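Data block below; observations after.
The values are calculated or read from the model by the stated rules, or taken from the named source; none is laboratory data. Predicted model only: the values in this text are computed from it and were never measured. Note that we place each Cβ from the backbone using ideal geometry, even for glycine, and neighbour counts take in every protein chain shown. To get the accessible areas, we keep the full protein, side chains included, count just its heavy atoms, and leave off ligands, DNA and RNA. Shrake-Rupley method; radii C 1.70, N 1.55, O 1.52, S 1.80 Å.
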Amino acid sequence: MANMQIAHHLTTITIFIALSYLLLSLNAESETVFSEISKSHCASSIPLLCTDKNSEHHTSRQILELANDPNVIDWLKRIRRRIHANPELSYEEFETSALIRAELDQMGLKYRWPVAKTGVVASLGTGGPPFVALRADMDALPIQEAVEWEFKSNVPGKMHACGHDAHVAMLLGTARLLKTREKKLQGTVILIFQPAEEGGAGAKRMIQEGALGQAEAIFGLHVSHSYPTGKVAARSGAWLSGSGFFKSVITGKGGHAAFPHATVDPIVAASAAILSLQHVVSQESDPLDSQLLSVTRVHAGSAYNVIPNSVNIGGTFRAFTNETFQMMKQRIEEV
């Protein structure tokens, strides 16, 4: 299949995952936004969901009517709030996974589980090409929720602070919408519920265990406070970078602060290392190739008058290409 034809299929699928995001906070703008997207893409030459080029308006109308069904809206909100109130960290998403499987069972969708310990992979459509994957992450963060509301986290020290509760609800909503039009699909949609996005390499493990199958492309959507409710943003090229973490223990020789000449001060060495790390991006990188390196943790000593034996530093680095990512990793190790 030509790349342009595949692109038409995939763009149409994106509409549905975007629409589920709109459902989470439905307002007067959502119908306009979806209608405009539909006008641009649903009438593609080989649409995945619009079997008749002249029926795109009717198709979008049917989907919008379902999306505006109060029962569907309430269902989505209940799912999102239930997940938000019961956050689970990376590879601990057992209850979240169980909720997902229960909803898929009610829809009559087949799925594979466990994938990467807690992940779920479902599919619907013809079972044949083109294969398009849609992905949502499930894990929460080790953060205490400070806001008081009825669906606040019930787990001390854990919170869905990155929107993964919404992402799961979005993908389940997408599954429900697509299921109503499964007979009109001209291909297969793979639904991937991924664990351990927050630093646990869940995506890598899902891929290793075959979650992508024969997918020709994969789409996801991330909630963002940068855009008003009811708006969906997209652009060509890379948007989110790959990320890595680093930590280091710098060991010296501790002693009394009144006798620094008798010590090997690891704090001075750590300070020099931190400044050198800042130069990796500012002085060694192509300014047109976006990169980031931040030292976010420094731990040393416990007394004002004692030079410690060691300093622990750590942080994160990010890049848009594997080549740049490996270069940064190497430079961090060298520093």
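Tabulated values for the structure
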| item | result |
| --- | --- |
| Filter result (within 27 Å of GLY200 (Cβ to Cβ), of a type outside the set (A, V, I, L, M) and open to solvent by less than 80 Å² (accessible area, probe 1.4 Å)) within segment 227-253 | GLY237, SER241, GLY242, SER243, GLY244, PHE246, SER248 |
| Pairs with Cβ under 9 Å, 6+ apart, first in segment 322-335 and in a helix (DSSP H, G or I), second surrounded by 17 or more Cβ atoms within 10 Å (Cβ to Cβ) and among the basic types (Lys, Arg) | PHE325/ARG318; MET328/ARG318 |
| Matching residues in segment 291-335 - criterion: being among the hydroxyl-bearing types (Ser, Thr, Tyr) and loosely packed, with under 14 Cβ neighbours inside 10 Å | SER294, THR296, SER302, TYR304 |
| Failed item, numbered, when LEU76 is tested on (1) crowded, with 21+ Cβ neighbours inside 10 Å; (2) more than 18 Å from the chain's Cα centre (by Cα); (3) farther than 20 Å from HIS222 by Cα | (3) |
| Every residue from segment 186-218 that is aliphatic (A, V, I, L, M), open to solvent by 70 Å² or more (accessible area, probe 1.4 Å) and out of contact with any Lys or Arg (no Cβ under 8 Å at 6 or more places or on another chain) | ILE207 |
| Exclusive hit being polar (S, T, N, Q) and touching a residue at least 24 places away in the same chain (Cβ under 8 Å), set SER248, SER226 | SER248 |
| Residue satisfying condition, being open to solvent by 10 Å² or more (accessible area, probe 1.4 Å) and either without any contact (Cβ under 8 Å) to a residue 40 or more places away in the chain or touching a helix residue (DSSP H, G or I) at 6+ places or on another chain (Cβ under 8 Å) (or both), within set LEU124, LEU89, LEU172, LEU99 | LEU99 |
| Selection within segment 254-267 - within 10 Å of ILE307 (Cα to Cα), open to solvent by 40 Å² or more (accessible area, probe 1.4 Å) and outside any strand (DSSP E or B) | ALA257, ALA258, PHE259, PRO260, ASP265, ILE267 |
| Boolean, LEU275 is open to solvent by 90 Å² or more (accessible area, probe 1.4 Å) and either modelled with pLDDT of 85 or more or farther than 30 Å from ASP139 by Cα (or both) | yes |
| Among the candidates GLU197, GLU150, GLU182, GLU145, residue that is within 23 Å of LEU64 (Cα to Cα) and of a type outside the set (A, V, I, L, M) | GLU182 |
| Condition check for ASP105: among the charged types (D, E, K, R) and either in contact with a Lys or Arg (Cβ under 9 Å, 6 or more places away or on another chain) or at pLDDT below 70 (or both) | no |
